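This report refers to the structure that appears directly beneath it.
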Amino acid sequence: MASYCMTVTRLRLVLGEGVRRLHVSSAFKAKVAMSRFEPGTSISYEKLHENIDIVRKRLNRPLTLSEKIVYGHLDDPVGQDIARGRTYLRLRPDRVAMQDATAQMAMLQFISSGLPKVAVPSTIHCDHLIEAQIGGVEDLKRAKEVNQEVYNFLATAGAKYGVGFWKPGSGIIHQIILENYAYPGVLLIGTDSHTPNGGGLGSICIGVGGADAVDVMAGIPWELKCPNVIGVKLTGSLSGWTSPKDVILKVAGILTVKGGTGAIVEYHGPGVDSISCTGMATICNMGAEIGATTSVFPYNHRMKTYLNKTGRADIAALADEHKDDLIPDKGCKYDQVIEINLSELKPHINGPFTPDLAHPVSEIGAVAEKNGWPLEVKVGLIGSCTNSSYEDMGRAASLAKQALDKGLKCKAAFTVTPGSEQIRATIERDGFSKILRDVGGVVLANACGPCIGQWDRKDVKKGEKNTIVTSYNRNFTSRNDANPATHAFVTSPEIVTAMAIAGTLKFDPETDYLTAANGEKFKLEPPNGDELPARDFDPGQDTYQHPPAESGSVMVDVSPTSTRLQLLEPFDKWNGKDLEDLQVLIKVKGKCTTDHISAAGPWLKFRGHLDNISNNMLIGAINIENDAVNKIKNRLTGEYGGVPDVARHYKANGLSWVVVGDDNYGEGSSREHAALEPRHLGGRVILVKSFARIHETNLKKQGMLPLTFADPTDYDKIRPDDKISITGLATFAPGKPLKGVVKHGDGSQDIITLNHTFNENQVEWFHAGSALNRMKELQ
């Protein structure tokens, strides 16, 4: 058997201003899953193969690709109970990645653990705190000034505890991961819901909350409910105006925002080879919008080309040697199969207000007119972690060039967000940025920007009905600009560019004509662009800080008077009794995403200060009692107030409370603040029809009780002024339902059955008050 280890030349990013250069240090023995920039060990292809072989023999059946990678990282492949959709797996991820908004709380929790260093390679990525206002250079400069305290905390905490630090301006976490850390067969967790982007490189990359990241950084096996596997068979090939984005837009329309919950979506079939590596990443990225645990593609020549182009030919060579472990077994079975013929797939656009409302582009104009949606496109926005590759920018620029050649510019405002410093520098060098600027575009910073609400929008007033078209992944109410009247649609960068040029939703570039400056009618030719640059990528400026070998002298300071950062105090342990007479704080009506529970935008600056960020708790949720947002009745005073204010009043008066919600509660972002805030303000239970995966886990981690109605119609029995007692906690155990005693204001009551998904370890989290408390008990 060939050796699975090799001698490689290590590439190290050297700090300093100016152009980032790759420097060669001494050769050393490393596994293919080497840390790349941080010290630490990872699973090798040899170990992956060994574990896969053990599990395949145990299960006596062919394995899907996602099963191979997930089961290949089992802590105990011999003894682990494996049943899709039922058992909890204990896994050993290879690495952790954290974006700056969630890294603050993750690092604060890690500091609270008392551990000296992270146990696995980990990185922090500064991408969420840069607000789009003027343009990339100006906005980045302002962000560094405004967020200096937070950036300093993250940089010093990273240096102290052995975590790599990607500075502001480096790019969006998921693009950095794809360029540097993802590779076929790796298991990576990231504190952002769009971490699955790495599936485009044959990786299993899963979005988690910060407490999960802390477990892995502490060297504790990470728990994941054994995923079901949804197969998407692709046939035919992409061409013309159809792009990789259209695949996931179509899948979202089929599966809806909760159809992928508890499952990994695995793409396969002959159509896969017609999609670029970065195109596959786009598809996996937006898989978060269907609730999927993650998405993945099988290793192929497109991934090999991308690895070679991004300086990882050594890994590509080993992946070639061990390709059998990086593709599904013949005859493997999926829990559900969707078939899509790429040759027949048409360009799509999804929205408004939800990413699963799918429309062919050819029909959106008529649908918008019928529904009274504004036809005029006010702003077109391309880029983001979903669609900011070299190929994306090149195809958009090819359309912009056609418009310029005809004397046209965009009728709509137009913004461009490069995904990384490497992409920014390369598209600047190759002329794409100039073309996009010339057509009317503003190139923003290498950051999340408007995609997550970091947008100081000035062209419309709040409450003004308008339409924007983006190449982003998520379009919930108020998400991009804090305006609930903004109708946001998600589509491909190519369609965004075409609609920005035309200025209207009622434009199908496959059939409709534009009018040139000279009055001539013309059609846009289908977009074209190279998958990867003909020359090497330009790495741009140096943006990486390597953790020092010796960090004993590094100080991590958190000022007690800071409004941005706050050290954490442990949550109280369970007192051993049932939860009696919990006041219903709010009965939520309809969709309640993590954006509704813990808004982003201007609130991002408080992500490291639990008490301050808690002032946004549930301010976007609709109160069923009055159809209003952030207006609930204080049952102690009889007065109406904001949700966080009433919660604080209840806590101050010793009254614990419960939130009642609808289906797929907590869908969207991985932000654990949506779980931390209710716990901090005195909440004990979240009772809903169903949960999104990450949010349910985050609630458990913080010592909350996420419960579901055994009979979903029991939601209708709950009144906004009710009190609810949760009984049976003395014998709280996996698979054993609890009881809810619903006490109405008129003296009557209902007894309802409440389900949960706690396993034995998670029950211990509840008893201890949080997963972090339990970790410290075990030290």
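Values computed for the structure shown
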| read-out | value |
| --- | --- |
| 5 Å-binned pair-distance histogram of the stretch 348-504 (Cα, whole percent) | 2, 10, 21, 24, 21, 14, 7, 2, 0 |
| Restraint check, LYS167/LYS701; LYS225/LYS589; LYS144/LYS458; LYS633/LYS736; LYS245/LYS689, Cα-Cα greater than 24 Å | LYS167/LYS701; LYS225/LYS589; LYS633/LYS736; LYS245/LYS689 |
| Apportionment of accessible area to carbon and sulfur, the stretch 137-243, percent (1.4 Å) | 49 |
| Cβ-based charge dipole, the chain, positive-most Cα from VAL742, LEU238, ALA768 | ALA768 |
| Longest to shortest principal axis, alpha-carbon extents of the stretch 587-686, angstrom | 34, 28, 23 |
| Cα shape, the stretch 98-141, gyration tensor, a/c 1.5 rule | prolate |
| Net lengthening on full extension, LYS465/LYS717 (0.36 nm per residue, minus Cα-Cα) | 87.2 nm |
| Positive minus negative residues near ASP320 (Lys, Arg vs Asp, Glu; Cβ under 15 Å) | 0 |
| For the chain, convex hull of alpha carbons as volume per residue, Å³ | 152 |
| Convex hull volume of the stretch 65-341 per residue (C-alpha atoms, cubic angstrom) | 143 |
| Portion, in percent, of the accessible area of the stretch 579-778 that falls on carbon or sulfur, probe 1.4 Å | 49 |
| Test item: Cα-centred dipole of the chain, Lys/Arg +1 and Asp/Glu -1 on Cβ, debye | 380 |
| Ranked by how many other beta carbons lie within 10 Å on average, peptides 740-747, 541-548 from highest | 541-548, 740-747 |
| Inter-site label distance for ILE82 and ASP53 at 7 Å from Cα along Cβ, in nm | 1.5 |
| Charge context of PHE522, other residues only, Cβ under 11 angstrom, K/R +1, D/E -1 | -1 |
| Lys, Arg +1 and Asp, Glu -1 on Cβ, resulting dipole of the stretch 348-504 about Cα centre, debye, nearest 20 | 360 |
| Surface share of carbon and sulfur [accessible, 1.4 angstrom probe, percent] for the stretch 333-434 | 48 |
| Charge-dipole axis of the chain as Lys and Arg at +1 and Asp and Glu at -1 on Cβ define it, positive-most pick from GLY311, ASN575, CYS277 | ASN575 |
| The chain: antiparallel DSSP beta bridges as a percent of all, rounded to 5 | 45 |
| Radius of gyration, Dmax [the stretch 579-778; alpha carbons; angstrom] | 15.7, 47 |
| Order by protection proxy (mean Cβ within 10 Å, highest first), peptides 580-592, 193-205, 361-373 | 193-205, 580-592, 361-373 |
| Solvent-accessible heavy-atom area per residue, rounded to whole Å², over the stretch 312-412 at 1.4 Å | 41 |
| For the stretch 65-341: relative contact order, % (alpha-carbon pairs under 8 angstrom, 6 or more apart) | 23 |
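The values are calculated or read from the model by the stated rules, or taken from the named source; none is laboratory data. Predicted model only: the values in this text are computed from it and were never measured. A quick note on method: Cβ atoms are made from the backbone with ideal geometry, for glycine too, and the neighbour counts reach across all protein chains shown. Areas reflect the complete protein model, heavy atoms only, side chains present, ligands, DNA and RNA absent. Shrake-Rupley method; radii C 1.70, N 1.55, O 1.52, S 1.80 Å.
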